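A.B. asks: Dropping the structure in here first, questions after.
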Amino acid sequence: MPCSNSSLRLKGRSLLVLLQMMQLVGRRCGWERASLVFASSGRELTNGFASLCHPYRHEERLRRLKHRMKVNFNASRAEHQEALKALWSATFPGQELHGLVSDQWKEMGWQGKDPSTDFRGAGFICLENLLFFAKTFSTSFQRLLNKQGGKRAAWEYPFAVAGVNITFMIMQMLNLDATKPRTFVRAVFLQMLSENEWAFDLLYCMAFVVMDKLWLERNATYMEFNDVLKSTRSQLEKELLMDDVLRIEDMPSYGLLC
């Protein structure tokens, strides 16, 4: 099939849809490279064979992410125990942990003295997300953990449990187990994943700071947590569908992280 040299100006999500179609046709025809050129006055796609990165990369990263989502937390596995200890160390530097089952965990916002019971909703990836947040954006992590800034409610959301709910919310929003990209949000995220293999974890960190921002704006209390979480999802979906958002770092709320 000969390739045309014509240029197409595309707006919004149609670019991503066409990109996925190009990748599918490219795989069938044996192409390994194509080109994307984005004009400052809009989005301009020029056909050719220049620099579309590794056509199978996003598929491999999606496979690994799906695998992460299926791993249950297992308190008997050494690597899971070490991850839990690492989370404690990143959250409370210099403070000794007396045991993997301890009342100390309540300081982080777990419901009881055994945090593993709270992972059942979304698995080991919840712990990975929290640990990524603590290590990558420690200032934002500590601010939310310690409920700094703004007028706080007398009955605040429990930090760690909120993190578990955020992981589960993002998994539902992206619907990555679907056999085909059934929503633009999912299609956009898959493109972001091809650019950055930590896209899910970064989206998680953003969701957490967005949730806390909305919480403060509404002067919310614990009984309103689910409503705030729904609004958080709506805000993320809105940003993912913005015309000028191509990478996870392009999302406006990314600037809230520090």
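A.B. asks: With open to solvent by less than 10 Å² (accessible area, probe 1.4 Å) and part of a loop (DSSP other than H, G, I, E, B) as the only criterion, which of ALA220, ALA207 stands out?
C.D. replies: On inspection, the qualifying residue turns out to be ALA220.
A.B. asks: While we're looking at this one, here's another question. Restricting the search to region 93-125, which residues are part of a helix (DSSP H, G or I) and under 12 Å from VAL161 (Cα atoms)?
C.D. replies: Correct list: TRP105, LYS106, GLU107, MET108, PRO115, SER116, THR117, ASP118, PHE119, ARG120, GLY121.
A.B. asks: Follow-up. Among all residue pairs at least 6 apart or on different chains, which show Cβ distances below 8 Å where the first residue, located in region 65-92, is on the phi < 0 side of the Ramachandran plot and open to solvent by less than 40 Å² (accessible area, probe 1.4 Å) and the second is modelled with pLDDT of 95 or more and among the β-branched types (Val, Ile, Thr)?
C.D. replies: As it stands, the answer is MET69/ILE125; VAL71/ILE125, since those pairs meet every condition given.
A.B. asks: Go over the candidates ALA90, ALA134, ALA86 one by one and state the one that is in a helix (DSSP H, G or I), within 24 Å of the chain's Cα centre (by Cα) and within 22 Å of MET171 (Cβ to Cβ).
C.D. replies: Unique residue meeting the criteria: ALA134.
A.B. asks: Can you name the residue in region 152-177 that is open to solvent by less than 10 Å² (accessible area, probe 1.4 Å) and outside any helix (DSSP H, G or I) and is also modelled with the lowest pLDDT among such residues?
C.D. replies: LEU176
A.B. asks: THR183 - would you say it is surrounded by fewer than 20 Cβ atoms within 10 Å (Cβ to Cβ), within 23 Å of ALA153 (Cα to Cα) and polar (S, T, N, Q)?
C.D. replies: no
A.B. asks: While we're looking at this one, here's another question. Could you check region 139-151 and list, in sequence order, the residues that are assigned to a helix (DSSP H, G or I) and open to solvent by less than 60 Å² (accessible area, probe 1.4 Å)?
C.D. replies: SER140, PHE141, GLN142, LEU144, LEU145
The values are calculated or read from the model by the stated rules, or taken from the named source; none is laboratory data. Owing to the predicted nature of the structure, the values given are computational and were not obtained by experimental measurement. With ideal geometry, Cβ positions are generated from the backbone for all residues, glycine too; neighbour counts draw on all protein chains shown. All accessible areas refer to the heavy atoms of the entire protein, side chains included, with ligands and DNA or RNA removed. Shrake-Rupley method; radii C 1.70, N 1.55, O 1.52, S 1.80 Å.
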